[in-house]
Each structure stands twice: as C-alpha cells, then as structure tokens.
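Read through the structure below, which is laid out as structure tokens, and then see the notes.
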Amino acid sequence: MSTTTEYTPKTATGRIANFVDERTGGSAMVKEFGRKIFPDHWSFMFGEVALYTFVLLLISGTFLTFFFDPSMTHVIYDGSYNPLKGIGMSAAYSSSLDISFDIRGGLFMRQVHHWSALLFVAAVSVHMLRVFFTGAFRKPRELNWVVGGVLLILAMAAGFTGYSLPDDLLSGNGLRIIDGVMKSIPVVGTYISFFLFGGEFPGTAVIPRLYSLHIMIVPAIILLMVGLHLFMVVVHKHTQYPGPGRTNDNVVGFPVGPVYAAKAGGFFFIVFGIVAFISGFFTINPIWNYGPYDPSPVSAGTQPDWYIGWVDGALRLMPGVLGNFSFEFNIPFPWATNTLVLNVLLPALVPAGIIFTLMFTWPWIERWLTKDNREHHLLDRPRNAPFRTAVGVAGVVSYSVMWAAASSDLIATHFHVALNDVTYWLRTLFIVGPILGFILARRIALSLQRKDREIVLHGREAGIIEMSPEGGFSEKHEDLDVYQQYHLAVFEDRKVIPAQPDAAGHISAKEKRRGALSKFFFEDRVAPVTPSELAAAKAAHGHAEIEGSEQDSIGH
C-alpha cells in the first residue's frame, strides 16, 4: 500500500499559485514557455515597441472612453476655453475640449493616446520593413507575414477612426476626402457614403459609427492578430542572424525566464517613459486651434497623420485632365447615368492596391522565382539580397513621394515656390524616384558585397604604411577573426535558374517568364568567398590566383 504526500506551500503566494496550477495545469505551460529561447538583436525591438505602444493605446483609450461623448448632437460650448465659449458645435467636439481643459490629466492622456498611435503604426511599419529586408517572411513564416500586413492595415484604420472622432475642422476635412473617394466608386459609392454618414455628408451618424469601430471592432481584430502572430512566432521559433554556431536547426539566445522577461519588462517601462515625456512636453493635435467642423469652408494647410498622408498625396498628384483628355466618363445605366471619376478613384485605390498586393504576395513570388521551398530560420543581410533590397527601397521611395505630396501646399509656402512647380517635381519623382532608388540600392548592395569580399580575402586596412627592403611602400592589412569572416563571407548564393522543362520535356510560357525574371533578379551578383579562395588568400604569394578567381565569381 502506497501513500502520496500532497505538497503544501508555506507562503500565501505559493498557496494561491498551487491552487491555480492544480486546476489549470498552468505550470507546464509556464515551464515550457519559460524555456523558450529568443535571439538578441537590436532590430528585433521594433516588434516589441509595437506591442508596448498598443498596450499604452488600450490603457489611455480606456481612460478617454469614460469622458468622451460620441454624439453629433448640436450643443453650445460653455467650458473653460474662452475663445470658443458660446460657439455651436457637436457634443463630440465639446467633450474633447472638456477632456483637454476640464478633466484632470485629460490632455496628457489624449496626447499619450495620440503619440502612442503614431509610434504604434511607425513601429509596425519598421518591423515589417525589417522582416522584408532580412527575408524573415520565407517558409515557414509566409502566413505570419500576411498577419503582419493585416496588422499594418488595421493599425492605419484604428489611427484614422480615432483621428476623426473629435469632429474638429482638421479631422472633418479628412472625412470629406473619404466621402469623395467613396462617392467616386461606380454605382454603389453613393449608398456606401449615405450608410457611413447617415445621410448626405456630413450626416448625423458618422462619429458614433467610427467610435464603435475605433473602440470595439478594430481593437478586437488587432488583439486577435497580435495573439495569432505571437503564437506563430513561438511555433516557428524566432529567426536569427547568421553567425558561428547558428544554424537553421537551433536558436542561440536567452530564455524567456528570467532573462528575456526581465529585459522585455524593463524595455516596456522605457517605451512608456519616452511616450510620457513626449506627451508631457510636445503638443500634438491641438483641436482647440482648429475649431468645430464646418463643411462650408475649406482650410489651407491641412494634412492628415503621416500614415494616411500618402493616400492624400496620391490624390494631389493626380492631374484632373491631360490636355483635352478628361478622366471623367458618363456611363448610361437603365435607371440613370453614372459618372466614373477616375481622377479620384485611381489615385485613391491603385497605389494602395499595388503596394499591398505586392506586399502580401511577395513570399510566394520570391519562392516561385528561386524554386526554394526549404525552411529558412537564418536571416539575410540586406546587401546579400540585392534585388529584394532594391525592390524594398523603390517601394519606400514611392511611399515617401506620396507622403511628401500631402504637404505640397506647405512646401510651397514655406520655401516660397510655386505650388504648381512643387506638384510637377513631385509627379516626376513619383515616376523616376522608384526607378532611381531601385538602381542605386542594387548597385550599392553589390558594391558592399564586393567590399566585404575584398576584406575577407585581403584583410582589413590597418592604416599602417610599411616599407619593404627594396624600398617599396604598402599598407598593412589585419586578418579578421573567425566570427568576422563568417559574418562577411557566409551567405546564401542565389544563382540564375533558367527555365526548366516539365516531365514531358516542354517549357511552358509561365516557366519561360519565371526564367526571364530569375535572370533579371540574379544575373548581376557577387558570389560568396569559397574555402579554397580563402586558403589561397592566406598563402604568402596567392594574390594572383585570388584575383583571377574573384573575377570569375562575379556574374554580369
């Protein structure tokens, strides 16, 4: 007969933990997750910044919901801000002013919320760029890349819906633009606008409906996507940069408990402190300066937050007419004649459609071109993937030009130049800029690869001039250590894969296109240093052999 002795904790905390563990089995999950290894690199912090700013958004947003009135009911302001006393406005704008001037800590919390929103979208964007440039989206993380893209769209949606809630003049102008875009959609556009605004713009229902989206629907989906993203990070294990001892089969780093948990907890309070400092000392979105929204005037110098500005910029870049050609077409239908306004519909939908379509499909495009279906847990240095880096830079340039165009009127007034000249230059940059960015980024990446190759083979310049017995002068080179050699020399060699015949010996048109694109992608490349080349470089008089082999390894 055997007996078991039940463990009895000696402290109150231990008894509570034991009570929960016996009923949930949580210790096994904590033990498993606590042993999870995460690599350590400064570029991984952008995902953490996104997570922590989202937490700040939830905390500050909860505070604001207690005092904000999402109503478009007309009221007369009688608050503490004297310049607007006696002015008619919506209840939403009046409550926003009350939060700013009459609620203790209200203005600070408003600014924490707004700054956190800006940093949240920025951190998600930079995190996505880091994932793209390092190739972290490759198998098995394609779906996680899609989740990240959805998170980016949701972050912009959350920002825009919150930005519009105060019902001030600035946010109202942004809603006016959205109304025009919706009405440019053929057949159904007017109905969509009437549904959102509760009638003809500005309607009576847009603020309550945006409020529901902002505090319930969009945050709930973001929480779902964040949970799904973190789940897949744990399942797939974290990517890591190449280095000695790092392979596709292991992770070199620190365990979650206690090292990573302590570092992540400390970093959260650093992010919180920085956001609080910015919010306390730098004003953002001073709605009291703009006044309540009035649809009759159109104010100059208005521009949305940076993450939506690129759409506004695309609208400003689009010409209304080209010569005698108009972008408006009247299309007869049995019930009436509908106007197709392409000079609004095209810039509002096409650039965003191209960017997000390429972003979501890029993992499969690259896998199709390279015929690489292996799992990848080691990251690329951007210079070692020149074409991917060039495509990313071209996208960033295109985005930046549209972003700058959203401030075209302010550029004209601040630099005392003609608005039309600014628009013409930005239109030219919109077409030429991405092409130049692609070419320059690709050539710079290849040049950096060649520089790395030279350093690996011949050592690093020491800045010391030596004189030989014959009287000649040369610069001394220092050999790299093993880690530095590995960092510079070991990377995946992407070669051109010509069109391949199928089992019947035929080459399809699709395969021919893939072969042509593969040649365009990878024909101009720099091969990694081979062990034989490195051994020859170590020899006393092996430079002639090296120079010949180096030329052979560079395809043109």
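The values are calculated or read from the model by the stated rules, or taken from the named source; none is laboratory data. Keep in mind it's a predicted model, so treat the numbers as computed, not measured. Heads up, the Cβs are rebuilt from the backbone with ideal geometry, glycines too, and the neighbour counts pull from every protein chain shown. Note: areas computed on protein heavy atoms with side chains; ligands, DNA, RNA excluded. Shrake-Rupley method; radii C 1.70, N 1.55, O 1.52, S 1.80 Å.
The table that follows gives values for the structure above.
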| item | result |
| --- | --- |
| Where Arg453, Arg23 fall by accessible area, highest first, once all protein chains stay in place (1.4 Å) | Arg23, Arg453 |
| Accessible solvent surface per residue of the chain, calculated while the other protein chains remain in place, 1.4 angstrom probe, Å² | 54 Å² |
| Sites Phe333 and Val252 - FRET efficiency at Förster radius 56 Å, r taken between beta-carbons, to 0.05 | 0.30 |
| Per-q log10 I(q)/I(0), segment 173-221, q = 0.18, 0.27 Å⁻¹ (Debye; single scatterer per alpha-carbon; no solvent) | -0.57, -0.97 |
| Length gained when the stretch His458-Trp425 is fully extended (0.36 nm per residue, less Cα-Cα span) | 7.3 nm |
| Relative contact order [Cα under 8 Å, 6+ residues apart], segment 161-300, whole percent | 35 percent |
| Net charge contributed by nearby residues that have their C-beta within less than 12 Å of Asn343 (K/R +1, D/E -1) | 0 |
| Restricting segment 486-529 to trypsin sites (Lys or Arg not before Pro) in coil, as DSSP defines it, with at most 13 other Cβ within 10 Å | Lys495 |
| At R0 = 22 Å, FRET efficiency that the Cβ-Cβ distance of Val235 and Leu129 yields, to 0.05 | 0.40 |
| Cut-off 14 Å between beta-carbons: net charge of the residues surrounding Gln500, Lys and Arg +1, Asp and Glu -1 | +4 |
| Residue-averaged [θ]222 nm for the chain, counting only DSSP H segments that reach four residues, each worth -39500 (n - 2.57) | -19500 deg cm²/dmol |
| Shape call, segment 225-317: gyration tensor on alpha carbons, a/c limit 1.5 | prolate |
| Three-way shape label, segment 9-84, alpha-carbon gyration tensor, a/c 1.5 | oblate |
| Heavy-atom SASA rank of Met72, Met402 (probe 1.4 Å, accessible area, largest first) | Met72, Met402 |
| Length released on extending from Leu143 to Trp364, taking residue separation times 0.36 nm less the Cα-Cα span | 78.5 nm |
| Theoretical FRET efficiency, 1/(1+(r/R0)^6), r = Cβ-Cβ of Phe33 and Ala418, R0 56 Å, to 0.05 | 0.40 |
| Relative contact order computed over the chain (Cα-Cα under 8 Å; 6+ residues apart), in percent | 15 percent |
| Solvent-accessible area, 1.4 Å probe, carbon plus sulfur percent, for segment 139-257 | 76 percent |
| Over 30 Å between alpha carbons, listed pairs Lys10/Lys31; Lys237/Lys451; Lys183/Lys510; Lys31/Lys263; Lys237/Lys371 | Lys237/Lys451; Lys183/Lys510 |
| Extension reserve of the Asp294-Ile274 stretch, reckoned as 0.36 nm per residue once the Cα distance is removed | 3.6 nm |
| Rounded accessible area of His238 (nearest 10 Å², 1.4 Å probe) | 40 Å² |
| Segment 320-366 - percent relative contact order, Cα under 8 Å, separation 6 or more | 23 percent |
